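Remarks on the structure that follows.
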There are 2 protein chains.
Amino acid sequence: MAAPNATVHRAVVEHLVRQAVYRRLGKPLPRMASGSSPLVVNVSARHCHLTQEAVEALFGKGHKLTPFKWLYQEGQFAAQESVTLIGPRSRVISNLRILGPCRTLNQVELAYTDAIALGFDIPLRLSGNIEGTPGGMLMGPAGFFEMSNGVIRALRHVHMHPDDAEFYGVKNGENMNLRIGGPCAVNFDKLLVRVDKSFKLEVHIDTDEGNACNLQPNTPCELVK
Amino acid sequence: MAAPNATVHRAVVEHLVRQAVYRRLGKPLPRMASGSSPLVVNVSARHCHLTQEAVEALFGKGHKLTPFKWLYQEGQFAAQESVTLIGPRSRVISNLRILGPCRTLNQVELAYTDAIALGFDIPLRLSGNIEGTPGGMLMGPAGFFEMSNGVIRALRHVHMHPDDAEFYGVKNGENMNLRIGGPCAVNFDKLLVRVDKSFKLEVHIDTDEGNACNLQPNTPCELVK
C-alpha cells in the first residue's frame, strides 16, 4: 500500500500545467487559475464515521480499519470495511462505506434520496453537530451497533486552507456560491466555508447535488463569494 | 372516482387568497403574485409512459390503465398500474409508476441516482426525443415488454399556457432560471420553457433536483427570465 497522498493529485498537476500554459502564451491568468490551489469538487456518496468502540462491536475486538483508498484531505481514507445500515422501513443499505481514521463520534451521512428510500427523516447538519438527530442500527460481520443519534444530511461545504480563504476573501463560517456549468447547470447557494490549516481546497456535495447537476470530471466549476 | 381535476387545486386557491389579501391591505402585488397563474413546482419521481400495445403485453389483452391520482396537467394521471424495470446490473426497480393516458411511444424517466443504481448510462433528453437512447426490459403481471430505446433523464422544464409565457416574457424553447430558497438553496439554470394552449403553469424537476434543494410545500420558488 502506498503511503498516504504520496503521489501528486491530478487536480494539482492540471492546475500547474494550466498556469504554465498561460505563462508560455503570455496571456493573463483567469482569476480561478491564479490561486495557489486548484478547485477540487468531489461528490461524497453516503458513508459513515465511527468510533473505535463501534468498529470493534461490528468487526470484532481489537479490529483496526484498513485503508482502501486515500482521500484528497490529508490522512483521510475510505476503509475496506463497510457496514449495513438498517432503516425504519425494514429496508437496508448494504455496503455503507466507513471513512477513516476513527473519530470520537458515530455519524452516518446520507443524501435525501437514500434517507427517503430507507424511511429516515433526517435533518441538514454541519458534520459533527448531531445532537437531537435520529439514530440507527448498523450491522457488521461480528455484531450490531446501535447509534442513538447521528444520521444526517451533511451541509454542503468547502474545505479551505487559510491561504485559500485569503485568496477568495472569505472567513470560516461564511457562505459562498458554487457555480456548476454544463447541460444541467446549477448554482448552489449557501456553500459553507470551513477553514483549517490542515485542509486542502475541496468542495463536498452529496450524490443528490452531484446528480442534479450531473457533475463529471470535465464539468466547469467556479467558487464565487 | 372524481372527474379529472373537478376540484380547484390548492395552489390556485392560495394564489387567489394571496391576491385578495394584498388588495385588502392596499399593498402593491409582488411580481410573482400578479400573474394569472400560481407557480407550481412539482418533483417527478421516476415513472414511465407506455403505448396501449405495451400495456396489453404487460397486463393482458384489452387491459386499460386505471387512474389512481389525477395530476396537475389536465387529463394526465398516475395509474394504479406499475411495472418492474430490469436494469443491466441484474438489479430492478419495482413499482415503477405508469403515467396515463397511453402515448404513441414508450419512455422511462429516471433520475441519475436511479440510473446509476440500476447500471443504466442514460442521456439527458427532452421528453419524446428518444432516438439513440438505451432500452430496457419491463415486467408486468401478464408478461414482459422489451423497449428498444426510451430510457432517459428528462430535461428540467416548465409547462406554460401562452398567457403565462406572455407574463414571463418568454417563448417556447427558451430557457429560464428556477430559484429555490431555504436552507439548501439552489438556482437551476437552463429550465426549458414548453408552451401549449393545453398546459397549466407547472415546473417539473426530478428527484435528484428536488432532493438537492429539499423542495417542500413551503419552500420559496421563483421563475426568473
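Each value in this text was obtained by applying a stated rule to the coordinates, not by laboratory testing. All of these numbers come straight from a predicted model, not from anything done at the bench. Note: ideal-geometry Cβ built from the backbone for every residue, glycine included; neighbour counts use all protein chains shown.
Quick look at the values:
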item	result
Two-decimal Rg to Rh for the range A:123-186 - Kirkwood Rh, Cα set	1.16
Rg/Rh ratio calculated on Cα atoms of chain B (Kirkwood radius)	1.00
When the range A:108-151 is reduced to its Cα atoms, the Kirkwood hydrodynamic radius in Å	11.2 Å
Potential lengthening between residue B:33 and residue B:198 on full extension [0.36 nm per residue; Cα-Cα distance subtracted]	57.2 nm
Gaussian network model of chain B, springs between alpha carbon atoms under 10 Å - residue of B:106, B:42, B:129 with greatest fluctuation	B:129
Principal axis dimensions, the protein assembly as shown - Cα atoms, whole angstrom, descending	65, 53, 50
Structure-based [θ]222 nm, chain B - -39500 (n - 2.57) summed over DSSP H runs of at least 4, per residue, nearest 500	-5500 deg cm²/dmol
More than 17 Å apart - percent of Cα-Cα pairs taken over the range A:175-225	34 percent
For chain A, share of DSSP beta bridges that run antiparallel, in % to the nearest 5	65 percent
Length released on extending from residue B:105 to residue B:144, taking residue separation times 0.36 nm less the Cα-Cα span	12.4 nm
Counting DSSP beta bridges with both ends in the range A:154-225, the antiparallel % (nearest 5)	75 percent
Cα lying deepest toward the dipole's positive end in the range A:101-210, options A:127, A:207, A:139, charges on Cβ	A:127
About the Cα centre, charge dipole magnitude for chain A (Lys/Arg +1, Asp/Glu -1 at Cβ), debye	640 debye
The range A:1-121: relative contact order in percent, alpha carbon pairs under 8 Å with at least 6 residues between	26 percent
Size of charge dipole - the range B:9-58 - debye, nearest 20, with Cβ of Lys, Arg +1 and Asp, Glu -1, no other charges	640 debye
Cβ-based charge dipole, the protein assembly as shown, positive-most Cα from B:150, B:162, A:57	B:162
Cα-Cα pairs of the range B:97-225 separated by more than 20 Å (percent)	53 percent
Percent RCO, i.e. relative contact order, over the range B:139-204, from Cα pairs under 8 Å lying at least 6 residues apart	42 percent
Principal axis box of the range A:16-133, alpha-carbon based, largest edge first, Å	61, 34, 25
Share antiparallel - DSSP beta bridges, the protein assembly as shown, percent rounded to 5	70 percent
Hits among lysines - C-alpha to C-alpha of residue A:200 under 22 Å, sequence gap 8 or more where chains match	A:69, A:171, A:190, A:225
Sequence-separation-based contact order of the range B:106-153, relative, with Cα cut under 8 Å and 6+ spacing, percent	46 percent
Separation in nanometres of the label points that stand 7 Å from Cα toward Cβ, at residue A:221 and residue B:174	3.3 nm
FRET efficiency estimate (nearest 0.05) - Cβ-Cβ, residue B:20 to residue B:166, R0 30 angstrom	0.80
Measure of compaction for the range B:73-124 (Cα Rg per 2.2 N^0.38 Å)	1.25
Estimated FRET transfer efficiency (residue B:90, residue B:131; beta-carbon r; R0 25 Å; 0.05)	0.40
